[in-house]
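First comes the structure, then the notes that go with it.
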Amino acid sequence: MDNIAQLKSFPRPYRTTLTTKELIKSGAAPARYSKNIGIGFATPDAAKTGTYVDKKCPWTSNVSIRGKILKGIVISTKMTRTIVVRRNYLHFVSKYRRFEKRHSNISVHLSPAMDVTDGDIVTIGECRPLSKTVRFNVIKVQKNHVFGNPRKIFKLF
Amino acid sequence: KTMGISRDRRHKRRATGGRMPIHKGKRKFESGRPASNTKLGAARVRTVRCMGGNTKKRALRLDSGSFALSSEGFCATARITNVVYNAVSNELVRTNTLTKGCIVQIDPSGLKTFFSKKYGLMVKSQELVDTEFKCSAEQKAKHLLARETRVTCPVFEGLFLQNKVFARVSSRPGQTGTCDGYVLEGKELSFYIKKMTERKK
């Protein structure tokens, strides 16, 4: 969450009027907009009570979660508001009638409402393209579920 | 076929950094057009025939737009004086280019008329005083009643008394042919004033 002064454009929250007469008078913060993404996923408290503005957050913007719901292990949280999730799977080689381990990395948008570190197991939901490679959004976190280097762990979901 | 601007993904590299094999030519539905670079001036709007027979209005020059003061629920056409800030580049500010999201200074006369009609107040020597226009006793009573419930953002009022009104453009002049927006108030106004003063330094 950067300092507002460092931003070039004022961060306007989705679906909230910032200057109504009541708000100007009281000087209070406007009522925060947050929605339920559905499919049985809980809205985090930080989304309902926080002060961040994220136009790609599934709870506080017009991004809708629809389509695939996947699970993976977090391997990198170095990008601003986006993480890399590793999904492992087995590929069947018909000649040898055996399986081989494969993985794919997905770039996933991480809302400031979620607290995620490397090694967490994360549920991600499909949404519309948010950037060149991001089509998923983090909707649930299971913290500290993976021991050791998350890039070396093979775990199927 | 030579086509200039295209909006395809085939020219970009993959996420892994590898090149994409270009196995087909540019398609018409992927084409783009040059930016409108709408400037301030006497209105000049061209109609463009787009994909599917739809039209877009490309504003090449604009001088006014519909600006809303959201706290009062008032909206009126106002002349745009100049472009004051653009998050994208200072070049656009220098050349007075109108884009979505740029901050402009607008002519305050529309808002002044609104204030005098609703509250019976006018701006004189940086203060709000009773209008010099004649109003009936009934109108005066309405004005006094309205003044009791008047809530104006202090930052906005401070600048309004100096005949300065800033607004943010929220329409896309190159797409709709209009330069409409909303008057800045409150925290947003303070934010952009800071940006403008920083730029002056």
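B:ARG79 to A:LYS152: FRET efficiency via 1/(1 + (r/R0)^6), r the Cβ-Cβ distance, R0 45 Å, to the nearest 0.05? Walk me through the numbers before you get to the answer.
Details: r = 65 Å, r/R0 = 1.45.
After rounding to 0.05, the efficiency reads 0.10.
Using alpha carbon coordinates only, what is the Rg to Rh ratio of the protein assembly as shown, with Rh defined as the Kirkwood radius?
Details: Rg = 26.4 Å, Rh = 24.6 Å.
Value, to two decimals: 1.07.
With θ set to phi - 60°, apply the Karplus curve 6.51 cos²θ - 1.76 cosθ + 1.60 along region B:90-99 and write out the HN-Hα couplings as whole Hz, x wherever there is a Gly or Pro.
Result, rounded to whole Hz: 6, 4, 5, 6, 4, 8, 6, 8, 8, 9.
For chain B, build the convex hull from the C-alpha positions and give me its volume per residue in Å³. Please report the intermediate quantities before stating the final value.
Working: hull volume 37.3 nm³, N = 201.
Per residue, the Cα convex hull of chain B comes to 186 Å³.
Which whole-number value in Å³ per residue fits the convex hull of the alpha carbons of region B:133-188?
Working: hull volume 8.0 nm³, N = 56.
In region B:133-188, the Cα convex hull volume per residue is 143 Å³.
Can you give the mean number of other chain Cβ atoms that lie within 10 Å of the Cβ atoms in peptide B:182-189?
Numbers: counts 1, 1, 2, 5, 8, 6, 6, 2.
Neighbouring Cβ atoms belonging to other protein chains average 4 per residue here.
Measure up B:LYS112/B:LYS187; A:LYS8/B:LYS26; A:LYS25/B:LYS195; B:LYS117/B:LYS201 against 30 Å on the Cα-Cα distance and list the ones that go over. Don't skip to the end; give the middle numbers.
On the way: B:LYS112/B:LYS187 22 Å; A:LYS8/B:LYS26 35 Å; A:LYS25/B:LYS195 25 Å; B:LYS117/B:LYS201 39 Å.
Table pairs above 30 Å Cα-Cα are A:LYS8/B:LYS26; B:LYS117/B:LYS201.
Once a ≥ b ≥ c are taken as the square roots of the eigenvalues of the Cα gyration tensor of region B:84-201, is the result rounded (a/c under 1.5), prolate (a/b larger than b/c) or oblate (a/b not larger than b/c)? Write down the numbers at each step before the final one.
On the way: a/c = 2.75, a/b = 2.03, b/c = 1.36.
Prolate.
For labels at B:ALA43 and A:PHE92 in the simple 7 Å Cα→Cβ model, what's the distance in nm?
With each label placed 7 Å out from Cα toward Cβ, I get 6.7 nm.
Could you work out which residue, out of A:SER64, A:SER34, A:SER26, moves most in a Gaussian network model of chain A, that is, has the largest mean-square fluctuation with Cα springs under 10 Å?
Ranking A:SER64, A:SER34, A:SER26 by mean-square fluctuation puts A:SER26 first.
Given the options B:MET20, B:MET122, B:MET51, which has the most mean-square fluctuation in a GNM of chain B, springs set between C-alpha atoms less than 10 angstrom apart?
Fluctuation is largest for B:MET20.
Quick one: if you stick a label point 7 Å off each Cα along the C-beta vector at B:ARG94 and B:ALA137, how many nm between them?
6.3
With Cβ to Cβ distances under 9 Å as the rule, what net charge do the other residues near B:ARG61 carry (K, R +1; D, E -1)? Present the calculation step by step, with values, prior to reporting the outcome.
Details: positive: B:LYS39, B:ARG44; negative: B:ASP63.
Net of charged neighbours comes to +1.
Going by the alpha-carbon gyration tensor, a ≥ b ≥ c the square roots of its eigenvalues, is chain A rounded (a/c under 1.5) or, if a/c is not under 1.5, prolate (a/b greater than b/c) versus oblate?
On the way: a/c = 2.73, a/b = 2.44, b/c = 1.12.
Prolate shape, in that a/c is at least 1.5 and a/b is the bigger ratio.
Expressed in whole Å with the largest first, what are the equivalent ellipsoid semi-axes of region A:19-95 derived from the C-alpha gyration tensor as the square root of 5 times each eigenvalue? List each step's numbers first, then the result.
Numbers: eigenvalues 295, 42, 17 Å².
Value: 38, 15, 9 Å, ordered largest first.
Quick query: amide H of B:SER6 versus all other amide H atoms, modeled in the peptide plane; which residues come in under 5 Å with a sequence gap of 5 or more or a different chain?
B:GLY32
Could you please state, rounded to a whole Å, how far the C-alpha centre of region B:17-81 is from the C-alpha centre of region A:97-149?
37
Run the helix sum for chain B: -39,500 (n - 2.57) per DSSP H stretch of 4+ residues, divided by residue count, reported at 222 nm to the nearest 500 deg cm²/dmol.
Rounded to the nearest 500, the figure is -7500 deg cm²/dmol.
Could you go through region B:27-41 in sequence order and give the Karplus-derived ³J(HN,Hα) for each residue, using 6.51 cos²θ - 1.76 cosθ + 1.60 with θ = phi - 60°, rounded to whole Hz, and x for Gly and Pro?
Here the 3J(HN,Hα) series is 9, 5, 6, 9, 6, x, 10, x, 5, 7, 6, 4, 9, 7, x Hz.
Calculate one ³J(HN,Hα) per residue across region A:12-28 by plugging θ = phi - 60° into the Karplus curve 6.51 cos²θ - 1.76 cosθ + 1.60, and present them in order as whole Hz with x for glycine and proline.
8, x, 5, 6, 10, 8, 7, 10, 9, 4, 5, 6, 5, 5, 7, x, 7
Check which residues have an amide H placed less than 5 Å from B:GLY181's amide H, if you skip close sequence neighbours.
Under 5 Å from the amide H of B:GLY181 lie the amide H atoms of B:SER66, B:PHE67, B:ALA68, B:SER170, each far enough along the sequence or on another chain.
Which residue, B:GLY158, B:GLY32, B:GLY17, has the most motion in a Gaussian network model of chain B that connects Cα atoms within less than 10 Å?
B:GLY17
Hey, can you grab everything whose amide H is under 5 Å from the amide H of A:LEU7? Only 5+ residues off in sequence or another chain; H modelled, so Pro and N-termini drop out.
none
What does the average come to when, for each residue of peptide A:15-25, you count the partner chain Cβ atoms lying within 10 Å of its Cβ?
Numbers: counts 0, 0, 2, 7, 16, 6, 8, 2, 5, 9, 3.
That average works out to 5.
Debye sum, Cα scatterers, region B:1-61, no solvent: what log₁₀ I/I(0) at q = 0.13 1/Å?
-0.53
Looking only at other chains, what is the average number of their beta-carbon atoms within 10 angstrom of each beta-carbon in B:149-160? The partial results should precede the final answer.
On the way: counts 2, 1, 8, 3, 6, 2, 1, 2, 0, 0, 0, 0.
Whole-number average of other-chain Cβ neighbours for B:149-160 is 2.
Values in this text are rule-based calculations from the coordinates and carry no lab data. Note that the coordinates shown come from a computational prediction; the quantities given were computed from them, not determined experimentally. Cβ atoms come from the backbone with ideal geometry, glycine included; neighbour counts cover every protein chain shown.
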